[in-house]
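A quick write-up on the structure given underneath.
The values are calculated or read from the model by the stated rules, or taken from the named source; none is laboratory data. Keep in mind that this is a model prediction, so the values were computed, not measured. FYI the Cβ positions are ideal-geometry reconstructions off the backbone, even for glycines, and counts take in every protein chain you see. The accessibility values were calculated without ligands, DNA or RNA, using every heavy atom of the protein model including side chains. Shrake-Rupley method; radii C 1.70, N 1.55, O 1.52, S 1.80 Å.
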Amino acid sequence: MSLAFCGNENNSLAYNVDRGVLNNGCFLDALNVVPHIFLLFITFPILFIGWGSQSSKVHIHHSTWLHFPGHNLRWLLTFILLFVLVCEIAEGIVSDGFTQSLHLHLYMPAGLAFMAGITSIIYYHNIETSNFPKLLLALLFYWVLAFLMKTIKFAKYTEHSVGLRQLRYCITGLLALLYGLLLAVEINVILGRRYLCFTEATEVKPPEDLQDLGVRFLQPFVNLLSKATYWWMNTFITAAHRRPIDLKVIGKLPIAMRALTNYLKLCKAFESQRRPLGSMPQGPKWIWRALRQAFGRPLIISITFRFLADLLGFAGPLCISGIVHHISKDNRTIQPPLLGVYFISSQEFLANAYVLAVLLFFALILQRTFLQASYYVAIETGINLRGAIQTKIYNKIMRLCTSNMSMGELTVGQICNLVAIDTNQLMWFFFLCPNLWAMPVQIIVGVILLYYLLGISALIGATVIAVLAPVQYFVATKLSQAQKSTLEYSSERLKKTNELLRGIKLLKLYAWEHIFCHSVEETRGKELTSLQTFALYTSISIFMNAAIPIAAVLTTFVVHVHISEEADLSPAVAFASLSLFHILVTPLFLLSSVVRSTVKALVSAQKLSEFFSSDEIGDEQEPNATMPTGPSNHKTIPSGPRNHNNKYQAVVSTQLSHNVLRTLCFLEIITSGYFTWTDGTPTLSNVNIKVPFGQLTMIVGQVGCGKSSLLLAALGEMQRVSGTVTWNMRKPGGNGGNPRSAHGPARPEREPNSSPQDRSVAYASQKPWLLNATLVENITFEMPMIKPRYKAVIEACSLQPDIDILPQGDQTEIGERGIILSGGQRQRIGVARALYQQTNVVLLDDPFSALDIHLSDHLMQEGIRKLLREEKRTVVLVTHKLQYLPHADWIIAMKDGTIQTEGTLKDIQNSDPKLFEQWKTLMHRQDGEFEKSMTVLERKNLRRAMYSKEASKTEEEHEEESVESEEDDSLSQAMRHRTTIPWRSCGVYLSSAGLLLPLLLLSQLFKHTLMVAIDYWLAHWTSHVITAKMDECGFSHSWYLSVFSVLCCLGIVLCLVTSVAVEWTGLRVAKELHHNLLSKIILAPMRLFETTPLGNILNRFSSDTNTIDQHIPATLECLSRSTLLCVSALGVISYVTPVFLIALVPLAIACYFIQKYFRVASRDLQQLEDSTQLPLLSHFSETVEGLTTIRAFRYESRFRQRLLEYTDANNIASLFLTAANRWLEVRMEYVGTCVVLIAAVASISNSLYNHLSTGLVGLGLTYALMVSNYLNWMVRNLADMEVQLGSVKRINGLLKTEPENYEGLMAASQVPDGWPRQGEIQIQNLSVRYDTTLKPVLKQVNAHISPGQKVGICGRTGSGKSSFSLAFFRMVDTFEGRIIIDDIDIAKLPLQTLRSRFSIILQDPILFSGTIRFNLDPEMKATDDMLWEALEIAQLKPVVKTLPGGLDAMVTEGGENFSQGQRQLFCLARAFVRKSSILIMDEATASIDMATESILQKVVMTAFADRTVVTIAHRVHTILNADLVIVMKRGIILEYDRPQALLEKEDSVFSAFVKADK
């Protein structure tokens, strides 16, 4: 066939120009080529040569500054233009098919126009981003020419009676309109930017976001194509391969998306609902209204996109129906030519199968783009909304009444739930909101189309789906119930595991680990029963998802065939309805989750409305400003206009002489005040407080008399019934001659109209409040670092020794609530913060309560009397330590919420001698007491806690195994490690399934094979229907129908088997892994617990076990289903059209690279989102706990600012993760649409030329549509699976731990029953170490302890005392020598037996939650009498007698309901219960006061008179009565003799110790 522009038939009308050239169709088309050629010639040189960018003067993201007017409209019109041009090309090719020769003029101009259209938008984009508007002239000329040419052509068509029935006429008219609109857009740019015909061009500045290089989230700023395909994410996602993504990489949020912007938007919406009188409406309705007003618009856009996507989704089934229908019959009608060429109607155009294939391709591309755009807009809106609500909650917290918190109306937990759960529920509701509106439309359209295809039988099929939808909902509610009960059991199991791990040393020493292990296993059993229910409902849910479409199709076809013998069951009808059923099932599955989400969102809104309407600290409590009482010659200067937010108003008093200050000048804080926490009787009545300026005031009184309440009332934290609260903060008389305060307070952050430091108070609360920050940040607390001042404060609070122990000194992160510090250390840091601040008033609420006598004295002398006095600061101190009263300048004594008396000590002695005498006796008693010395113990515990942190690498480093090193190869190796899937972990997981694994694999394979078989049989059946019709012979459906029914029923059964197999496999693995992990941990050597942070081990039992229990099975099911669906689909397409395999290769390569890049970025972003959420949540709980302190310091604005930073960091991680998911899905779905196009074109060609059966064409196309749906699911699930397999990997890491050697050379039965009877100990040449890699801690020690001897071991910290005691229990590695007890070498005994025969009392008292009986005797071997006897010996009988239940009284977790001393006594009683002949006491009396300790020593001497006792002494005087003393140093025995003999030697180390201890 020859080729010519106008065709080359001899009788061609194409060259006929008798009636003028413009009346020749071919000439008109040639004329239309001119503008396109012009544009291509003009723009190509400019595009390739490039130009200098004017915008480079401004520092912006060049490729994203879009500033020409009508920008989006131009892109939209260009997309429509390109689509119409494709239709014109297709129309030309189809109409050319009716003639003998090829007429290039029918489609070549349209092809050139298509190239020119693409060039125009590329050219425009480059000019816009380079800010060179004058070059747009080329486009102006092009649009004018193109518009003119199309208009001429359109006019000529109209003249020659070519009308709307001809498709080309419609296309030409449409193109003329589009070129006209683009010309209008171009003129608008000239008018807007004035670059032509105007003397001065308009100056435009790039938006603030684009000038800030820190903003890297560019979705709002890029052009439409980049927005739709997330093209701007390419560099970001590929860069993730080279370096991990962190907060620096993702940068800042654009201004419009920041929490502050959205919060202000939300506030505006709330304000607009105020009633005329200014009151706010109540109830959840107003929250919904405000949310709709603030965030409704983007949601409407999202819903619109969703509608469009859903409607375009129906193009699939319709096009399949059309293609298969048209292949099966030949339809060509020749019409006479007009203007020398053939014109075809739109019916003829759409009757072409190839045209339908191309249209299907475009419809799918558009549908996928709209769907992803809808998801993105909904999620972005949800994230913005979450940020706004979190900020609103935080601002509400800042104004909350403290009484709400203290009276238990609101707990920290409830507020944290609002933030963590309820804001997320609202966010999820916004995500799913478009579904709520789109579902009904999808269902209605789907049912109408089915009815059009199948008639009444379609309604029956749809009814099957509709009837099963409520069952789905029922299953979903049952699932959430099962999840709740599982959660309860798992938190109980975690509590037990936590106790087990915290007390592991004690459990091993007492050989009780198996008792506790059994207890954990028991709870795990209950949890697994609950998980079984969860798994059952999950498998029912999975089964229904898979089985409903099969059941619906089966029912429909059975009814369809039986209703009428003449029923049309052609492939076109069968496969179109099959696709429609798949579409219909989707919204019904979503229904249950959308309804659940809606219900949760309604509940959350209700909770939020209750929270927002709770009491605030308002104007009624705002203290007003009055004058300090004093001489009348002072001026008052108000501190600026009244500010509604200021809680304290300051009054400045000046010109007061120094001696007046000493005698008269008082700061009058409260005048006749009545204060209450609740609405009942006042807690404080008729209170008048005045404190002397620059002096020390002490508030004393019994517990519960209202001392702390008094301070809080002064701070404005209590509800004021009546009276006034006044603050005058300025020091009278300038600096009062104090040189230290000359530099004045550090530069504060200014608040409107007044300086906050004038109104701020340094306050140290009774329960110390610490930030989750470094120690130095906790002390300086937002103030600038002044080194000398900081050192002085550290010294005053005796914090230096504690800082020296911390691994990073004062730069150590001290964890949430100061978790790694003891009570005394926390208290001193709280006081240090108050001392460091440079406020004029300091309030200290019982700062000595957790400190021992030495520290209290030091703090009083150095901190309060020296540091604060020198600076002339006004100090108000609440205390119980009456021995400090002589230091007070003013004393306020309280009783039952009123002030009993006030004045100097002398005044009180005169006015109330009885009270004074009472104080005097108490003062002496307190001074005389030598209180328990906890400090050394605290520091020792701290050192141990920190040691475990230091010794272990952080968990993340272990997981990533990535080494931070300068060498490129190690970095690239780590990067390579990040990109590989953890196949080994996958192997570990699957191998734990045992025999269920083959069942799982086989059932999945059989199920998918059967699915293909069902569809193949349908193709076979329908093809025979067509053949029978063509041959016009009768056709019986019964045989085909029965086989089809059997296959479908088998398919349903297999769906059930696979869903059950997946969940049961998951359960089996969860059971196995947890059991193995617990067994390994229980038997692991002590070294593991000392070198691994407890949190890491606990995480294996909590989050990792939870992932394996609940998440991996679901992900595995989704992954296997989507993968097998894709594989089976590609297999079917390749079977139908083998040529498809050639096209599959590039598509597979594209998919491989897309998933490879995405997985790495996705994992990093998921981890980043999780890690940014933690500081946000802990900031909320910190704020709630430290509300009083923050408000006293006036630091609300700083904390609000920090919240905004945390919220934005979390939100930007979420936004990037969303964008990355959309990036993947758009690409995968585009690959899927390419599969559909190639499959369609290949199968149409195969059918037309190789007579492929129409049924197989339908089958191939249905499966091609499935690929496009499941490809991105496959990659998403792969990425999720990879993250989740990390849990298996971490657990597997712990499973490799070598256990202790529990077996001995002797069997347990060979050990004599009462061993050791005598308690004789021989230590021969003993050397021990903690690990084979470490140095020995005991070196060749020799000792002999006779039966019944009392031995004391002493030495400095680290001398090997504790290692000595642990050697008896084989807790350390004995690599040389041996210990022989009663003639048996302990190395030969089984560990369990050895440890069960000794008793030990450890330094740290450990109690477990449970009864007292269980704590004393977990083995339940002792009788009640034995237990009472032990309690009597330990001085605890009276305490336990008074408890409800006696021995069965409950002990809370960690024994928190007993004091430290009582806990230690319980541990002693525990040792007495086990009647062993050897007792080891490891610094057991360190936390008991002197009196109790001396009683205990006597008891030990009497109760253990006949037993061997080894005491490791913390205080040397406790072992003066021992029979033998061993002094150790650096792992060797330095001295070994009777104490008297050692004391007689002047130069002995022991006597030096005794002298030092006195």
Somewhere in the range 1088-1105, is a residue open to solvent by 30 Å² or more (accessible area, probe 1.4 Å) and at pLDDT 85 or above? no
Please determine, by comparing only the residues of the range 1473-1498 that are out of contact with any strand residue (DSSP E or B) (no Cβ under 7 Å at 6 or more places or on another chain) and open to solvent by less than 10 Å² (accessible area, probe 1.4 Å), which one is modelled with the highest pLDDT. Leu1496
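Listed here are the residues, each with its yes/no results for (1) assigned to a strand (DSSP E or B); (2) at pLDDT 85 or above; (3) of a type in the set (Gly, Ala, Ser); (4) open to solvent by 10 Å² or more (accessible area, probe 1.4 Å).
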| site | (1), (2), (3), (4) |
| --- | --- |
| Val1500 | no, no, no, no |
| Val1510 | yes, yes, no, no |
| Val1527 | yes, yes, no, no |
| Ala1541 | no, yes, yes, yes |
| Glu1546 | no, no, no, yes |
| Phe1553 | no, no, no, yes |
Within the range 668-698, which residues are open to solvent by 50 Å² or more (accessible area, probe 1.4 Å), among the hydroxyl-bearing types (Ser, Thr, Tyr) and out of contact with any Ser or Thr (no Cβ under 6 Å at 6 or more places or on another chain)? Ser672, Thr678, Thr681
Filtering the range 1326-1343 down to residues that are without any contact (Cβ under 8 Å) to a residue 24 or more places away in the chain and not aliphatic (A, V, I, L, M) yields Thr1333, Lys1335
Might you let me know whether the range 561-584 holds any residue that is at pLDDT below 80 and either under 46 Å from the mean Cα position of the chain (by Cα) or within 23 Å of Leu418 (Cβ to Cβ) (or both)? no
Look at the range 1426-1453 and say how many of its residues are within 23 Å of Ile515 (Cα to Cα) and either in contact (Cβ under 8 Å) with a residue 40 or more places away in the chain or open to solvent by 20 Å² or more (accessible area, probe 1.4 Å) (or both). 9
Name the single residue, out of those in the range 251-265 being among the hydrophobic types (A, V, I, L, M, F, W, C) and surrounded by fewer than 21 Cβ atoms within 10 Å (Cβ to Cβ), that is farthest from the chain's Cα centre (by Cα). Leu264
Please indicate, with yes or no, whether at least one residue in the range 134-154 is touching a residue at least 40 places away in the same chain (Cβ under 8 Å), surrounded by fewer than 18 Cβ atoms within 10 Å (Cβ to Cβ) and either hydroxyl-bearing (Ser, Thr, Tyr) or outside any helix (DSSP H, G or I) (or both). no
Under the condition of being modelled with pLDDT of 80 or more and assigned to a loop (DSSP other than H, G, I, E, B), which residue from the range 1334-1354 is farthest from Thr1511 (Cα to Cα)? Lys1335
Please verify whether the range 1040-1056 includes one or more residues that are assigned to a loop (DSSP other than H, G, I, E, B) and modelled with pLDDT under 90. no
Starting from residues that are of a type in the set (Phe, Trp, Tyr) and within 28 Å of the chain's Cα centre (by Cα), keep the ones in the range 522-549 and report whichever is least open to solvent (accessible area, probe 1.4 Å). Phe534
Among Leu1252, Leu1217, Leu1224, which is within 28 Å of Gly382 (Cβ to Cβ) and either without any contact (Cβ under 8 Å) to a residue 60 or more places away in the chain or not in a helix (DSSP H, G or I) (or both)? Leu1217
Going through the range 266-281 in order, the residues found to be at pLDDT 85 or above and either part of a helix (DSSP H, G or I) or open to solvent by less than 50 Å² (accessible area, probe 1.4 Å) (or both) are Leu266, Cys267, Lys268, Ala269, Phe270, Glu271
From Leu1165, Leu1176, residue being under 22 Å from the mean Cα position of the chain (by Cα), open to solvent by less than 20 Å² (accessible area, probe 1.4 Å) and closer than 30 Å to Ile829 by Cβ: Leu1176
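Filter the range 155-178 down to residues that are open to solvent by less than 60 Å² (accessible area, probe 1.4 Å) and part of a helix (DSSP H, G or I), then give me how many there are.
Of the residues in the range 155-178, 13 are open to solvent by less than 60 Å² (accessible area, probe 1.4 Å) and part of a helix (DSSP H, G or I).
Per-residue answers, yes or no, for (1) open to solvent by 10 Å² or more (accessible area, probe 1.4 Å); (2) more than 28 Å from Arg1538 (Cα to Cα); (3) of a type in the set (Val, Ile, Thr):
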| position | (1), (2), (3) |
| --- | --- |
| Lys1350 | yes, no, no |
| Arg1356 | yes, no, no |
| Ser1362 | yes, no, no |
| Arg1378 | yes, no, no |
| Thr1393 | yes, yes, yes |
| Asp1404 | yes, yes, no |
| Ala1422 | yes, yes, no |
Could you list all residues from the range 596-636 that are open to solvent by less than 60 Å² (accessible area, probe 1.4 Å) and at pLDDT 80 or above? Ser597, Thr598, Ala601, Ser604, Ala605, Leu608, Ser609, Phe611, Phe612, Ser613, Ser614
The conditions are (1) closer than 23 Å to Val222 by Cα; (2) at pLDDT 90 or above, and Leu136 fails exactly one of them. Which is it? (2)
If you take the residues of the range 662-690 that are farther than 22 Å from Glu616 by Cβ and in a loop (DSSP other than H, G, I, E, B), which of them is modelled with the highest pLDDT? Thr681
Restricting attention to helices (runs of 4 or more DSSP H) lying wholly within the range 204-248, give those where 2 or more residues are closer than 20 Å to Ala1150 by Cβ. 224-229, 233-242
Quick one: how many residues across the range 1014-1055 are open to solvent by 30 Å² or more (accessible area, probe 1.4 Å), within 44 Å of the chain's Cα centre (by Cα) and small (Gly, Ala, Ser)? 0
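Tell me whether the range 1140-1159 contains one or more residues that are of a type outside the set (Val, Ile, Thr), outside any helix (DSSP H, G or I) and more than 29 Å from Val1283 (Cα to Cα).
No - not one qualifying residue is present in the range 1140-1159.
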If you go through Tyr510, Tyr451, the only one that is among the hydroxyl-bearing types (Ser, Thr, Tyr) and farther than 30 Å from Pro1299 by Cα is Tyr451
Pairing a residue in the range 459-478 that is within 15 Å of Pro549 (Cα to Cα) with any residue that is open to solvent by 70 Å² or more (accessible area, probe 1.4 Å), where Cβ atoms lie under 7 Å and the two sit 6 or more apart in sequence or on different chains, gives Leu459/Tyr451
Within the range 417-438, is even one residue more than 21 Å from the chain's Cα centre (by Cα), among the β-branched types (Val, Ile, Thr) and surrounded by fewer than 16 Cβ atoms within 10 Å (Cβ to Cβ)? no
